[in-house]
Amino acid sequence: LPLPEETLDPEDWESLRQLGHRMVDDMIAFLRDVRERPVWARLDDPQRARFREPAPRVGEGAEAAYRDFREQVLPYATGNLHPRFWAWVMGNGTPLAMLAEMLAAGMNCNVAGIDDGANHVEQQVIRWCAELLGFPTTAGGILVSGGSMASLVGLTVARNHASGVPEVRSHGLYAEPRRLVFYGSREMHFSIQKSVELLGLGTDSLRKIPVDGELRMDLTALAEAIARDRAAGLKPAVIIGTAGTTNSGAIDDLAGCAALARREKLWFHVDGAFGAWAALSPRLQPQVRGMELADSLGFDLHKWGWLPYEIGCALVRDDALQRQSFDFTAEYVARTNHHGGVRFGEYGFQLSRGFRALKLWMQLKADGADKWQRLIEQNCAQAQHLAERVRGSSELELIAPVNLNVVCFRYHVPGASEAQLEAHNHALLDKLHADGRFVPSSTTIAGRYALRVCVTNHRTRTADLDALVDEVLALGRAR
Ligand SMILES: Cc1ncc(COP(=O)(O)O)c(C=O)c1O
């Protein structure tokens, strides 16, 4: 045996303790002062080049590694911490959950099936989510990386159910003589299509149903598509409703989807990545009514929920069906007395799994769901305020209805063509991004380019949105 034997524990615990305290102090100050910095900063070429240094064979020590983090990484955060970040759909994270992540990593639990504390925490937060969203608490569930993975879990169970679970597991798609068909709105998220592709069905199996003026799936067109496919000898299998589309926050008629699915004996999946959480608010809940009837429901906690990345959840109404899709046997995972926890590997694809449940558990315990409800209502009220400012200005134009927290609008130049409006607003967005004071994103809805503001931000103040409007007007006029 070569001596001395080594370990990754520090030689000097006291120095590491001090470094750890500094890290905590630095990060808390970083979060506290976020408003004083630009939303984001871009790396320049010399900084990029530093990331091409070869793998270190000899370590530089924890102090130096932390210095490198502070110099090379920390100043170039994504931007979503900031009160004026409204691009795509991103949450801010929270200081408490940051600390919870440290505790979880310290424990380094593998939440796979051991009857340990972490296993019970995950079981409990899944039940909490079901309870808060009005879903049966007897449902199967698993925490996953995010909304995309949650849909993959739900749609895997859906596909297997449609073809017969043992058959599809042993014969794959050869078990099914007829092509399965899945249906969602033209506005559904691309992760649904990725799931359908991964499930071996091919995009030809996914029908993108037209939407109405509110950007909600047209249920007449949906029923017609199902009838057409049946008549053609195909096998309609799954309706996917969206609770809060990425583009505009539109919410499909989920009760209508559920009724149609029941009538046609189809699986009903809801992608509620952020919009599912509207269910927390008695005022907003009617918009997502019907979600509780879904066979499977996917949602995030790193969008609304505001927890640090990554965390999402898949719920499946029939716990046994979920397990049948993913269960496994192998001699090296034979049960012992210590295994009595939920075997989360039987609820999704992963075997080894981190303790992402802890940040949710601690944040909810600390704040209570009523606070989340108030924050969701606050974000929606802020979006309505922005929409009012847009409606109140002859120079601005609203591009989509505002249901939840997403506002799509643009600077309007009278007499300009669509192409000119797009070019003008695109340039305006580039200027907003370049000076780093406001970060909305953009989208195109029914052929019309729009600036897109999505408020899943617990730090935004209404005055931030007023400042954005003033800036858009100033940039829009300065042609
Ligand atoms: C409606 C919808 N579904 C799914 C997703 C994907 O979620 P994630 O990025 O957590 O995988 C998003 C992301 O924005 C979304 O808006």
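The values are calculated or read from the model by the stated rules, or taken from the named source; none is laboratory data. These numbers were taken from a predicted model, which means no experiment stands behind them. All Cβ positions, glycine included, derive from the backbone under ideal geometry; neighbour counts span all protein chains shown. Surface accessibility is based on the protein's heavy atoms, side chains included, excluding ligands, DNA and RNA. Shrake-Rupley method; radii C 1.70, N 1.55, O 1.52, S 1.80 Å.
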Query raised in the report: If the Cβ limit is 8 Å and pairs must be 6+ apart or interchain, which residue in the stretch 231-243 that is at positive phi pairs with which residue that is open to solvent by 10 Å² or more (accessible area, probe 1.4 Å)?
Result: 233/178
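Restricting the search to the stretch 406-426, which residues are surrounded by 13 or more Cβ atoms within 10 Å (Cβ to Cβ) and part of a helix (DSSP H, G or I)? Full working, then the answer.
Our first condition is that a residue be surrounded by 13 or more Cβ atoms within 10 Å (Cβ to Cβ); within the stretch 406-426, this holds for 406-413, 416, 421-426.
Hits for the stretch 406-426 are 421, 422, 423, 424, 425, 426.
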Query - the stretch 277-292 residues that are among the acidic types (Asp, Glu), paired with ones that are open to solvent by less than 20 Å² (accessible area, probe 1.4 Å) (beta carbon under 6 Å, 6 or more apart) - result: 292/135
Query raised in the report: So which of 260, 358 ends up being over 19 Å from the mean Cα position of the chain (by Cα) and away from the ligand (no atom under 16 Å from the Cβ)?
Result: 260
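Considering each of 220, 242, 246, 203 in turn, give the residue that is within 20 Å of residue 291 (Cβ to Cβ), open to solvent by 10 Å² or more (accessible area, probe 1.4 Å), hydroxyl-bearing (Ser, Thr, Tyr) and modelled with pLDDT of 95 or more. Walk me through it before giving the result.
Working: 220 fails: within 20 Å of residue 291 (Cβ to Cβ); 242 fails: open to solvent by 10 Å² or more (accessible area, probe 1.4 Å); 203 fails: within 20 Å of residue 291 (Cβ to Cβ).
Exactly one residue qualifies, and that residue is 246.
Conditions (1) open to solvent by 50 Å² or more (accessible area, probe 1.4 Å); (2) farther than 24 Å from residue 441 by Cα; (3) among the small types (Gly, Ala, Ser), marked per residue:
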| position | (1), (2), (3) |
| --- | --- |
| 28 | yes, yes, no |
| 36 | yes, no, no |
| 39 | no, no, no |
| 42 | yes, no, no |
| 50 | yes, yes, no |
| 58 | yes, yes, no |
| 69 | yes, yes, no |
Report summary line: Per the list (1) closer than 21 Å to residue 196 by Cα; (2) touching a strand residue (DSSP E or B) at 6+ places or on another chain (Cβ under 8 Å), residue check on residue 275 breaks on (1)
Query raised in the report: Since residue 366 meets every condition but one in (1) under 30 Å from residue 126 (Cβ atoms); (2) in contact with an Asp or Glu (Cβ under 8 Å, 6 or more places away or on another chain), which condition does it not meet?
Result: (2)
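Looking at the stretch 35-136, what helices (runs of 4 or more DSSP H) fall wholly within it and have at least 1 residues that are under 20 Å from the mean Cα position of the chain (by Cα) and modelled with pLDDT of 95 or more? Full working, then the answer.
Working: elements: 45-50, 62-68, 95-107, 117-133.
Hits in the stretch 35-136: 95-107, 117-133.
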**Report entry** Meets criteria (more than 16 Å from the ligand (Cβ to nearest atom) and either among the aliphatic types (A, V, I, L, M) or out of contact with any strand residue (DSSP E or B) (no Cβ under 7 Å at 6 or more places or on another chain) (or both)) for residue 48
**Finding:** yes
Report summary line: Subset of the stretch 24-41, residues more than 17 Å from residue 464 (Cβ to Cβ), of a type in the set (Asp, Glu) and free of Cβ contacts under 8 Å to residues at least 40 places away in the same chain, comes to 25
Report summary line: Per the filter on the stretch 294-318, residues surrounded by fewer than 17 Cβ atoms within 10 Å (Cβ to Cβ) and either away from the ligand (no atom under 16 Å from the Cβ) or more than 30 Å from residue 454 (Cβ to Cβ) (or both) are 318
Query raised in the report: If you scan the stretch 170-186, which residues turn out to be touching a helix residue (DSSP H, G or I) at 6+ places or on another chain (Cβ under 8 Å) and at pLDDT 95 or above?
Result: 179, 180, 181, 182, 183, 184
Report summary line: Of the residues in the stretch 142-173, those that are open to solvent by 10 Å² or more (accessible area, probe 1.4 Å), within 15 Å of residue 269 (Cα to Cα) and away from the ligand (no atom under 16 Å from the Cβ) come to 159, 161, 162
